[in-house]
Amino acid sequence: MAFNIKINESAHSVDVDGDTPLLWVLRDVLGMTGTKFGCGAALCGACTVHVDGVATRSCITSVDSIGNSQITTIEAIGKTEAGAKIQQAWLEREVVQCGYCQSGQIMSATALLAANPSPTDADIDDAMSGNICRCGTYARIRDAIKLAAQSSSNGG
C-alpha cells in the first residue's frame with residue numbers, strides 16, 4: 001500500500017505494509033540511516049525521531065499511524081533552533097564516545113529544549129529516561145543539555 005509521508009519537510013511516497021515500523025521505512029526504504037535500530041521494543045531510544053515535534057520511538061510507530069504528521073530525523077534536526085544548539089553543545093562537551101545511541105539522545109534532548117528552554121535536572125531526567133548509553137556518557141549529556149539551555153537563555 002502506498003503512504004505519503006512528510007519527512008524533514010520533504011514529501012515521500014512509500015509502498016509498504018501499513019504495520020511497517022517507521023524505523024524501517026526511514027532506513028531501508030528511504031536510506032536515511034541516521035536513525036538507529038537498538039532494541040526494537042522502544043526501550044533504548046536509539047530510534048527516536050520527532051513526530052510533530054514530539055520525541056517518538058520509530059521502532060514501534062507504524063507507518064499507517066503517521067497520517068499528515070511531520071517527521072523530523074537526525075538528518076535535519078540541526079536546521080531547528082533547539083537542534084542546532086544541542087548539536088553545538090554536544091561538540092563542546094565532547095559527549096560522544098562510541099556514538100551509536102547519540103542520534104536518539106540528540107533527538108530526545110532537542111524535543112526537551114524545544115518544549116522547555118530552561119529544564120531542571122528533573123526535567124532532563126524525565127525527558128532522557130529510556131535513552132540508554134552503553135558507554136555511560138550521561139554526565140556529559142546532562143552538561144550539554146544545560147549548556148544548550150544556557151545558550152538559549154542568553155540569546156546565543
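Which value, in nm² and rounded to one decimal, describes the direction-averaged projected area of the C-alpha convex hull of region 77-153?
Projected over every direction and averaged, the Cα hull of region 77-153 covers 4.3 nm².
In nm, to one decimal, how far is the modelled label at HIS12 from the one at GLN97, with both set 7 Å along Cα→Cβ?
Each label point lies 7 Å from its Cα, and together they span 3.1 nm.
How much length is gained on full extension from THR33 to ASN116, taking 0.36 nm per residue of separation minus their Cα-Cα distance?
Extending this stretch completely gives an extra 27.1 nm.
What size of dipole, in debye to the nearest 20, comes out for region 2-72 about its Cα centre when the only charges are +1 on Lys and Arg C-beta atoms and -1 on Asp and Glu C-beta atoms?
I would put it at about 280 debye.
Answer with one residue from THR73, SER118, ALA42: the one whose Cα lies farthest towards the positive end of the charge dipole of the chain, charges on Cβ with Lys, Arg +1 and Asp, Glu -1.
SER118
Thinking of region 31-134 as a set of Cα atoms, what percent of all their pairs are more than 19 Å apart?
Tail of P(r) above 19 Å: 39 percent of Cα pairs.
Convex hull over the Cα atoms of region 2-72, averaged projected area in nm²?
That works out to 4.0 nm².
Where a Cα-Cα gap under 17 Å defines reach, which aspartates and glutamates qualify for LYS85, not counting those fewer than 8 residues away within the same chain?
GLU75, GLU94, ASP143
Round to the nearest 10 and give me the degree value, 0 to 90, for the angle of helix 138-153's Cα axis relative to the longest principal axis of the chain.
In the chain, helix 138-153 runs at an angle near 80 degrees to the longest axis.
Can you give me the long-range amide H partners of GLN70? Hydrogens built in the peptide plane at 1.01 Å from N, cutoff under 5 Å, separation of 5 or more residues or another chain.
ASP52
Please give the charge dipole size of the chain, origin at the Cα centre, charges +1 on K and R Cβ atoms and -1 on D and E Cβ atoms. Round to the nearest 20 debye.
Dipole of the chain, to the nearest 20 debye: 400 debye.
Label 7 Å along Cα→Cβ of MET1; region 17-41 residues with amide nitrogen under 12 Å?
17-20
What's the center-to-center distance, using Cα atoms, between region 27-77 and region 123-156 in Å?
20
How much length, in nm to one decimal, is gained on full extension between GLN70 and GLN150, taken as 0.36 nm per residue of separation minus their Cα-Cα distance?
26.0 nm
Since every read-out is calculated from the coordinates, none of them should be taken as a lab result. Please read all numbers here as calculations on a predicted model, not as lab measurements. Counting neighbours? That spans all protein chains shown, and the Cβs are built from the backbone with ideal geometry, glycine included.
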